[in-house]
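Read the structure below first, then the notes.
Derivation of every value follows stated rules applied to the coordinates shown; laboratory data play no part. Treat the numbers as computed from the prediction; the structure is a model and nothing was measured. For neighbour counting, all protein chains shown are included, and Cβ atoms are generated from backbone atoms with ideal geometry for every residue, glycine included.
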Amino acid sequence: MSLLGSLRRWLLEAPDEVPWRERKWFVVRNVTLALGAIAHVALFVLFAAVGVPWLAAYAALAFALMVGLIVANWRGYRTLTVVIGTLEANIHNVACSLLLGFDSGFYYYGFTLAVVPLVAFETDRRGLKALFVAIGLAGFAVEQAVALPPERLVILSPAVLSVVHATNAAIGIGMTVGIAYYVVREALRAEAEVESLLHNIMPAPVADRLLADDRAIAEGFDGVTVLFADLAGFTTWSAGRPPAEVVDLLNDVFSRFDALTDRHGVEKIKTIGDAYMAACGLPARSPDHVARVADLALDMLAEAEKVWAARGLDLEVRIGIHTGPAVAGVIGTRRFLYDLWGDVVNTASRMESQGLPGAIQVTDAVRAGLAGRFRLDERGTIDVKGKGPMRTWLLRGRAGSMAP
């Protein structure tokens, strides 16, 4: 790894043991301390150039302290880094204002010191935030009080004093802008991650509505086609298998199903154990929702066969489909997801549970919606739990093809 890469990792990454909620605060502390170290390098050069060697020496020691605090932050002394860093900066500013006068511009750092504790402590450290913001503001007030008299302990020419003032202005404003930029960037990145997460767990239009309004979302749809797919024989196969192997198989199969839903414009609703639920016609209405789900079901059977063949497994997928009106939306305030309700859901589930392994069982409503575009064989009338006798069909393939 290059020196620049190592430095970037040292400053912008957090060790694994830092809880994820605290990682951004960890990095903010590192960035703030790094900016402080750079500021002290600039002060060292400035004081050495204007002929105040003992202030230059102090700046060098302060630089070493900033670097040491970054190490302390990595070693777990996270509150200590802010406490010592903030105190050192306040003492440094007050002392330099006393020695060089208020016109030296050290008061610019007061704004930075009032901001740093707000972003450097975790959100549950509100008392410490308030304390150190007060210390920063008090330091700013003390700078004005001790530096108001015209007498200065270190006399600099007006030209040199203007250079010192300009340097401190540039450093102080630059640090404040740098910290603010990083914090805003992290906030925007966190917002983007939340949006991405919501778009991954529910349809994009629904996710956008949730981001804009956290109230319950519900909408009725006249035509929705629902699919349930279950891995027949999975429960027996998984008994006694290592958990990692079981999860690996489910992840392989369901990831392939996810790719197929994207390809056919169908919404994945959820997985329930080894069952997979998808629907089409919501939240965006689609005139060909029945055909899209039929195409998806045929491809799911074919894709699952590839998995069984590659792994040498004697498993099959059992699929059920029904179409009709439904209500869909997001309810509750915790662990919410986009779900749908209605007879269409219950009937599609019965089509799957009372279907045949390796086959796609559909209702008469689905057959009518396919309008001759697919090949179906009548299974006959079966007694569907909760529904009574229903005429059902087995979806075999696309019209004009010998295979699915």
Beyond 28 Å (Cα-Cα) in this structure, taken from Lys270/Lys387; Lys24/Lys268; Lys268/Lys385; Lys306/Lys385, we find Lys24/Lys268; Lys306/Lys385
Inter-part gap, Cα centre of the stretch 259-314 to Cα centre of the stretch 176-246, in whole angstrom, is 18
Check: C-alpha center the stretch 322-385 vs C-alpha center the stretch 18-85, spacing in Å is 63
Placing each pseudo-label 7 Å from Cα in the direction of the beta carbon, Leu11 and Ala57 end up separated by a distance in nanometres of 2.9
Quarter of the surface of the C-alpha convex hull for the stretch 204-398, i.e. direction-averaged projected area in nm², equals 11.7
Along the stretch 309-316, Karplus-curve 3J(HN,Hα) (6.51, -1.76, 1.60; θ = phi - 60°) to the nearest Hz, with x for Gly and Pro, reads 5, 5, 9, x, 10, 9, 10, 9
